[in-house]
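Take a look at the structure set out below.
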Amino acid sequence: MPTGPIEMLAVKFPGNRFTGEIAPALADLVESDTIRLIDILFVRKDADGLVEVTEISELDDDTYAAFDLVTSDMEGLMSEDDGQRISALLEPNSSAAVMVFENTWASRFTEAMRNADGEVVFNERIPRAVIDEMMAEIDANS
């Protein structure tokens, strides 16, 4: 049962050039117990806008093998419908890897917060572009 915060992340690959290079990086995160992958979908939109959604279990053997280290604990929460919804965010001739994962690094804190009857009232991720803009402004004023 998950105890850390759960996130969904979709990463777009323009030109449908998904090469599987993210698999080793994901494996590092899983092996270090930073995250636990709950599900992965692959969404591909061709040049005509036709969409193909592929679950990780449907990948060809070579591609699936690249993800072998991260797939042992998958729960398969996402569906074809989820992939179709994500496809609306893609331009033609692009693809996306869609991941649902638990932030296991936060499990101890989350458990302690629950034990103290704490409740999250606000949580928002700050986009990288906003951070870059803030840092540029600080540098300009230094």
So, in segment 1-41, how many residues would count as being small (G, A, S), modelled with pLDDT of 90 or more and in a loop (DSSP other than H, G, I, E, B)? 1
Of all residues making up segment 63-89, the number that are modelled with pLDDT under 70 and of a type in the set (D, E): 3
Condition check: at pLDDT 90 or above and within 30 Å of G83 (Cα to Cα). Does T104 satisfy that? yes
Filter segment 42-63 down to residues that are assigned to a helix (DSSP H, G or I) and crowded, with 17+ Cβ neighbours inside 10 Å, then give me how many there are. 1
Can you tell me which residues in segment 22-58 are of a type in the set (D, E), over 26 Å from S107 (Cα atoms) and in contact with a helix residue (DSSP H, G or I) (Cβ under 9 Å, 6 or more places away or on another chain)? E52, E55, E58
Do we have any residue at all in segment 114-132 that's crowded, with 17+ Cβ neighbours inside 10 Å and β-branched (V, I, T)? no
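The values are calculated or read from the model by the stated rules, or taken from the named source; none is laboratory data. Treat the numbers as computed from the prediction; the structure is a model and nothing was measured. In this analysis, Cβ positions are derived from the backbone assuming ideal geometry, glycine residues included, and neighbour counts consider all displayed protein chains.
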